[in-house]
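Just so you know, all these numbers are worked out from the coordinates, no wet-lab data involved. Everything quoted here is computed from the prediction, not taken from an experiment. Counting neighbours? That spans all protein chains shown, and the Cβs are built from the backbone with ideal geometry, glycine included.
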């Protein structure tokens, strides 16, 4: 039986991948040591999701509590399964700007060195496997903030005369000479490593530079997990803090299931060292103000919102992913979830969990 190895397997994207590819008949090897709880506290722990996976999938899912910085443990794991591994989905990461600044060495160790460990183990033990890496739009640093932006009533928007207006920001935007945050830097290193293992060694690597990845399985917390944490605050009455840009900063949001459908397309027709901007694009995006309004409509009560003028370092004012390249390579892929549908699903799931 072919194997799909997933790092961060109890997280949002990892768990969606586990369920998806188990449903396709693959055996799943999960790697997750719940460092999200270390980063953000018990509220952000993914242990609950791991328990669900093990209960739902039984023998189809085998969990390994491994830190991806531990080369010896990873080599032992890869050696055990060898060439039966046909797909590696690497989602494990330290995902926060703010947290990275507190502990740069751990951030770089997990994001950059951990990715190097995964790529090298794949090259050594299953070089024919498809390797999918979840990068981030933060590899562009704050370069998107230099675009000509126009302030509208509830959002910032790019000038309609600009070539990015129709589809969003393409992969051709430079990742050089901008302020990234230390998180962005560690992800740049991992991103370029994944590209180089494809170009230099001919491995079937695919790099997805994600916008906001979201869905009901997100263990949202203040430092990471925009829509999931926003809805949690909307339901519980907890204070939600907005940092700068008048709450009009725009994010494109892609549901985890739509993203895993992208991964499936790549797995079935892999290429070498391809980079894709991926997110909600023009189909699914919102400003913070707009998201707050939708949450209030769903819960039927006003949110407890606090505004701070100072923005987060390296934060984007407006970011919408241009999905044209991926759609050209994989024209069968279609998005299913826009922001209202995403928020409805998160609301239903979160409300049921709190009941």
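Of all beta bridges that DSSP places with both ends in the chain, some 15 percent have antiparallel geometry. Taking only the C-alpha atoms of the stretch 244-292, Rg followed by Dmax gives 14.4, 43 Å.
Just so you know, the Rg over Rh for the stretch 205-316 is 1.03, from Cα atoms, with Rh as the Kirkwood radius. Taking Cα atoms only, the orientation of helix 47-57 departs from the longest principal axis of the chain by about 50 degrees.
Annotation: peptides 117-123, 254-260, ranked by per-residue average of other Cβ atoms within 10 Å with the highest first, follow the order 254-260, 117-123.
Inter-label distance, residue 103 to residue 246: 3.9 nm, where each label sits 7 Å from its Cα along the C-beta direction. For the stretch 149-297, the relative contact order comes to 33 percent (Cα pairs under 8 Å, sequence separation of at least 6).
Highest average first, the peptides 71-83, 198-210 ordered by how many other beta carbon atoms sit within 10 Å of their residues are 198-210, 71-83.
Between helix 182-201 and the chain there is an angle of about 40 degrees, using the helix long axis and the longest principal axis of the Cα atoms. When peptides 278-289, 173-184 are ranked by their average number of other Cβ atoms within 10 Å per residue, the highest-first order is 278-289, 173-184.
Neighbour counts of C-beta atoms inside 10 Å place 268, 47 in the sequence 268, 47, starting with the fewest.
Over all directions, average the projected area of the Cα convex hull of the stretch 3-354 and note it in nm². List each step's numbers first, then the result.
Numbers: hull surface 65.4 nm².
For the stretch 3-354, averaging the hull's shadow over all directions gives 16.3 nm².
For the pair residue 146 and residue 47, the difference between a 0.36 nm per residue extended length and the Cα-Cα distance amounts to 31.6 nm. Rounded to the nearest 10 degrees, the inclination of helix 71-81 to the longest alpha-carbon principal axis of the chain is 60 degrees. For residue 179 and residue 236, a Förster radius of 30 Å and the Cβ-Cβ distance give a FRET efficiency of 0.30, rounded to the nearest 0.05. For the stretch 295-320, the residues whose backbone nitrogen is under 14 Å from a point 7 Å from the Cα of residue 162, taken along Cα to Cβ, are 316-320. In percent, rounded to a whole number, the relative contact order of the chain is 18, using alpha-carbon pairs under 8 Å and six or more apart. Multiplying the residue separation of residue 70 and residue 271 by 0.36 nm and removing their Cα-Cα distance gives an extension gain of 69.5 nm.
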